There are 2 protein chains.
Amino acid sequence: MAVNNPISGLNKIFDNRIRLGVMSILTVNEEVSFNDLKQMLEVTDGNLATHLQTLEESKLIKVHKGFIGRKTNTTYAITKTGSKSFNEHIEALEKMIKGFK
Amino acid sequence: MAVNNPISGLNKIFDNRIRLGVMSILTVNEEVSFNDLKQMLEVTDGNLATHLQTLEESKLIKVHKGFIGRKTNTTYAITKTGSKSFNEHIEALEKMIKGFK
DNA sequence: ACTACAACTTTGAATTACAAAGTGCTTTTT
DNA sequence: AAAAAGCACTTTGTAATTCAAAGTTGTAGT
């Protein structure tokens, strides 16, 4: 591995802007509903659902299917692994940015 | 546009890690040869060439075909537009990051 | 009963990314 | 001088990714 490679620490799963957005939202907010994510990120529900699935399969986020009264309410939260992976990615980004600041 | 959308300021051209890497390298180093970029980023030459072409077509970088003695030497540099676009992207990223710091 | 919303899954198409091989020119090696 | 190798590509083909649209199931409201 080249020593100077500025992108070697980046996590491929976060190359996608929607997945990046989800992670950044879930880092600030403990639990966020599907619908809120959809509105914040301005994506179609199908598109969002597949990205959430990808993140869940990689154990970066977890799903909680709950209720508000009798109505189903699905919320998403970041996992420990997710926090760790995302922080590493951000650190790699910051390192890259600092390289030229 | 949603007010809270953390990814709306990101530039799609920089979603790709190789193009991101090129820009970050060219922000620190005024002129970098094709071969140096290739080694730093650890990519195949064909792959690098297409990404450089994309960046050039968008006027984010410029190519200089020169010589070292009699040997051809191609170098790449960032353009004014490129600097501006890249800085905006980085600022959007930082804003996103600061959102949860 | 009908409409609407929520949270999906499935399908299909378009775009993107990438490796591998080929090209033309030059330089170095034998 | 011939062969091998390097540089900076281009072309080709495939694999992966991304995304919108439509379909699905279940609940809620009117």
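The values are calculated or read from the model by the stated rules, or taken from the named source; none is laboratory data. Quick caveat, the model's predicted, so the values are computed rather than measured. Here the Cβ positions follow ideal geometry from the backbone for every residue, glycine too, while neighbour counts run over all protein chains shown.
A:Leu55 meets each of the listed conditions (1) without any contact (Cβ under 8 Å) to a residue 60 or more places away in the chain; (2) away from DNA strand D (no atom under 16 Å from the Cβ); (3) closer than 30 Å to B:Thr44 by Cβ; (4) hydrophobic (A, V, I, L, M, F, W, C) apart from (2).
Applying the set (1) more than 10 Å from DNA strand C (Cβ to nearest atom); (2) touching a Leu at 6+ places or on another chain (Cβ under 6 Å) to A:Lys59 leaves exactly one unmet item: (2). Might you let me know whether the stretch A:84-96 holds any residue that is within 13 Å of the chain's Cα centre (by Cα), facing chain B (nearest Cβ under 10 Å) and of a type in the set (A, V, I, L, M)? There is at least one residue in the stretch A:84-96 that is within 13 Å of the chain's Cα centre (by Cα), facing chain B (nearest Cβ under 10 Å) and of a type in the set (A, V, I, L, M). Scanning the stretch A:3-13 for residues that are of a type in the set (A, V, I, L, M, F, W, C), more than 14 Å from DNA strand C (Cβ to nearest atom) and over 15 Å from A:Asn87 (Cα atoms) turns up at least one hit. When residues in the stretch A:34-65 are screened for being exposed (fewer than 12 other Cβ atoms within 10 Å of the Cβ) and either aromatic (Phe, Trp, Tyr) or touching an Asp or Glu at 6+ places or on another chain (Cβ under 9 Å) (or both), 1 of them pass.
Within the stretch B:1-25, work out how many residues are in a helix (DSSP H, G or I) and within 9 Å of chain A (Cβ to nearest Cβ).
Selection size over the stretch B:1-25: 7.
Considered as a group, the residues in the stretch A:65-78 that are modelled with pLDDT of 95 or more and either out of contact with any helix residue (DSSP H, G or I) (no Cβ under 9 Å at 6 or more places or on another chain) or of a type outside the set (S, T, N, Q) (or both) include one that is nearest to DNA strand D (Cβ to nearest atom), and that residue is A:Tyr76. Among the residues of this structure, A:Lys38 counts as one that is under 15 Å from B:Pro6 (Cβ atoms), within 9 Å of DNA strand C (Cβ to nearest atom) and among the charged types (D, E, K, R).
With respect to B:Asn16, determine if the residue is surrounded by fewer than 15 Cβ atoms within 10 Å (Cβ to Cβ), under 18 Å from A:Lys12 (Cα atoms) and within 11 Å of DNA strand D (Cβ to nearest atom). So B:Asn16 fails the test.
Does the stretch B:60-101 hold any residues that are assigned to a strand (DSSP E or B), among the aliphatic types (A, V, I, L, M) and without any contact (Cβ under 8 Å) to a residue 40 or more places away in the chain, and which are they?
Hits for the stretch B:60-101 are B:Ile61, B:Val63, B:Ile68.
Scanning the stretch B:26-52 for residues that are among the polar types (S, T, N, Q), more than 12 Å from chain A (Cβ to nearest Cβ) and in contact (Cβ under 8 Å) with a residue 24 or more places away in the chain yields B:Ser33, B:Asn47.
Among the residues of this structure, A:Gly21 does not count as one that is surrounded by fewer than 15 Cβ atoms within 10 Å (Cβ to Cβ), closer than 30 Å to B:Val43 by Cα and touching a helix residue (DSSP H, G or I) at 6+ places or on another chain (Cβ under 6 Å).
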